[in-house]
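First comes the structure, then the notes that go with it.
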């Protein structure tokens, strides 16, 4: 319905919008989101023809370029075809005119209706947005914020436009009104094209058919609303989502490092991006199709650092890993949870090259790792479960922490020493000469573990695999270490595989969770989703055992033998049926999770068992 | 109008009455000397002095004096003019209508003119029209009102002989009806013009700056987006909002104008309050000055009250 092509706009030669390509479709809501200063409102005003500055490109509506039209002709489009709900609630209404008059004004101004009919229509519009008719004669100062917002919407609808722009319609209203406004927008969207500008990501998620994320005057990511906010692919979008508190995310809030700056050359986000490469400073990325959505990133969005495919590992007769797939993206935390013996540590060791897998392959930073070498450990580090065993009693603190630098031959001795000291301070340890000279047997378990973490971080690795790194620490030290790791992730894009049996901890630090049981991945999904809707019976049981202050004590049956060719949880599963003992379940996609469980099988026979078990469990597909 | 606002005005009124009572009594020396002046007292016999003191109640205790003063005020007794030898109230009643006519019309003309020009100038901010108006009016406002009066008097009254050079109407003509009105307006025109020239630029600047501010308000953008014609934006949206500070200012201006008219009235020998003040000062006629002070204070209070009431009708926010 409206098409924006290669649109550029600048105020007195400082560019505000660059290379915008967007189109609005009838009966569709396009959400435009991003930090303030990204140019969202400017784009809206440009569509309205209300900007004075240097514009190039075109905004095409009904076959005509609105940018080329003189003001007198634009007058016909304003409010009749394109109208807008302005952001500034307090200022957008004239304080000395009744709101009814202001809603009526455009109908009379464009000579669409007689005064009587306009009055009637105004009343109808007030009803439409959920305001009593009597409010027509109220003045703006008589109304609450939510009521003003409704008046503004009624006003925007007065001439029944085809295109409706909402600028932050929910930012100044309370939660209840917000829902009402969302309802009204949805209602209005039935036969109109809607551009919804909002930094409220949940509103965008609830309303948008498509969403565009803007940064520094450019569109960084464009795709369907549901996908963009559930699975961001641009580092900027992910940063926005991580800074935005919602009830459906459980991970601690993280921001985006740095601030928006004017960047002449290269990617506008380069100064804040944790996966920047040399090219990012030279070439400006354009929106390109990457798997169902458009991303403006030279690296094709968030890069995958680690891929493990179908990893097998046997120890004699026991199969420790039965074909596990794993992936880890830049700046992501993946929590590997599961009981002892589930294969978590083995998987970590296989990835690290400390155990040679019996099948499958492991790709690290785009290259398959066949054997372990020095190069690999520059970017990949591990913190072990038992610190006393992994720190040599022959080395003092300084030598221990400096060791990776020595091996990789990075810097002079003094530089190495400084780096080591910094790493020690980061983990809340002393960097005094006295402490540097101590040996492992002088130190407490907590101190040794922190030394191990310092040693792993001294190289600034891209990926850290941490095997129960905080289980031997006091809760207060654990909190500090976890915060440090998350800070490193925010600032440097550190990716982590966090192996833990502490579900509560995993909930606060991870983006994604993989639940392992008996060497198999039984469930995988975004952390918030897994906690909100655990799908696999084992996951459900596991969540019940997580630390909480509830007076009830959960009980989980101890593991029993697991015959080959059965579900790994069959012997303990309260919902298990016959099929679970006979057949190993395949992996099913349920919501945002992948679950290895027969409950979710589409095959009728298999579903049957789930119905037959006759338990109070809704099985949603 | 809330009771609170009304009581505020009553309090202000009471304070003025008290000040009018206290001021002469706080002056050093004999109160009679303060009222009538040293020269007048010299010619008085002690008996006359005693009589006068008794008449003013000056031989009574302070509180009784205050009550006596209030009672005389209630009766409309503002004292007796030593110079004119008539009651002060009579003098004031004679002069006040002329001043009201002069100031009232000057207030209206300067406000309307300043508003229209200011709105236009603010709307066309930066244009040649705006620059021309701004420069012209700033230039005019540089002249004091009496100077403008003298120039007008010399040019149109003396040299060209188009207008009368003194008074408020042609004496001894016994004019009535329409010809009286014409005569009054004819006399009024020059003093009115000088007052308007002196006053208009302040209003112009106020309205212009308000209009410029209002033009930056988001609701103006809303109106533009709504496709409202420029003319309608200018009057309906900018114009109405620019009225608000103008009203406030007008209330304050009244008091200032009454005294400001003094010079113009002297220049044109216009028989208003200003001329009365001048003559009374010359004659040290303190009772008359006290009366004028009282009248001006009351007038300012009444005007502010009126502005307050009017403001309510144009700004819904203070209703």
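Quick notes on this structure:
- Working from label points 7 Å from Cα in the Cα-to-Cβ sense, the residue A:409 to residue A:545 distance is 4.9 nm.
- Residue B:21/residue B:259 FRET efficiency (R0 22 Å; Cβ-Cβ; nearest 0.05): 0.55
- Peptides A:504-515, B:64-75, A:169-180, B:95-106 ranked from most to least packed by the mean count of surrounding Cβ atoms within 10 Å: A:504-515, B:95-106, A:169-180, B:64-75.
- Normalised per residue, the volume of the convex hull around the Cα set of segment B:89-318 (Å³): 156 Å³
- Separation in nanometres of the label points that stand 7 Å from Cα toward Cβ, at residue B:68 and residue B:154: 5.2 nm
- Extension gain, residue A:171 back to residue A:65 (0.36 nm per residue minus Cα-Cα distance, nm): 35.0 nm
- Full-stretch length increase - residue A:50, residue A:278 - with 0.36 nm per residue and alpha-carbon distance subtracted: 78.1 nm
- Percent antiparallel among DSSP beta bridges (both partners in the protein assembly as shown, rounded to 5): 60 percent
- Tail weight of P(r) past 21 Å, computed on alpha-carbon pairs of segment A:197-274, percent: 27 percent
- Mean projection of the Cα convex hull over all viewing directions, computed for the protein assembly as shown: 62.1 nm².
- The convex hull built on the alpha-carbon positions of segment A:98-159 has an orientation-averaged projected area of 3.5 nm².
- Sequence of A:582, A:530 once ranked by neighbouring C-beta atoms within 10 Å, starting from the fewest: A:582, A:530
- With neighbour counts taken as other beta-carbon atoms within 10 Å, the residues A:218, A:150, B:284 rank, fewest first, as B:284, A:218, A:150.
- Partner chain coverage, peptide A:74-85 - average Cβ within 10 angstrom: 3
- Average other protein chain Cβ within 10 Å of Cβ, residues A:91-101: 5
- Reported value for segment B:45-119: 149 Å³ per residue, from the convex hull of its C-alpha atoms.
- For residue B:44 and residue B:269, the FRET efficiency from 1/(1 + (r/R0)^6), where r spans their Cβ atoms and R0 equals 41 Å, is about 0.80.
- Each of residue B:124 and residue A:160 was given a label point 7 Å from its Cα along the Cα-to-Cβ line. The distance between the two points is 4.1 nm.
- For residues of B:239-247, the mean tally of beta carbons on other chains within 10 Å: 1
- Among A:325-336, A:536-547, the peptide with the highest mean count of other Cβ atoms within 10 Å heads the list, and the full ranking is A:325-336, A:536-547.
- Extension gain, residue B:248 to residue B:189: 0.36 nm times the residue separation minus the Cα-Cα distance gives 18.6 nm.
- Once the Cβ-Cβ distance of residue A:354 and residue A:8 is raised to the sixth power relative to R0 = 51 Å, the FRET efficiency obtained is 0.45.
- Ellipsoid fit via the Cα gyration tensor, segment A:534-612: semi-axes of 23, 16, 11 Å, each the root of five times an eigenvalue, largest first.
- Size descriptor, Kirkwood hydrodynamic radius, that averages inverse alpha-carbon separations across segment A:304-517, Å: 17.6 Å
Read-outs: derived from the displayed coordinates by stated rules, not from any lab. Computed from a prediction, not measured in an experiment: that's the story for all the values here. Positions of Cβ are backbone-derived with ideal geometry, glycine not excepted, and every protein chain shown enters the neighbour counts.
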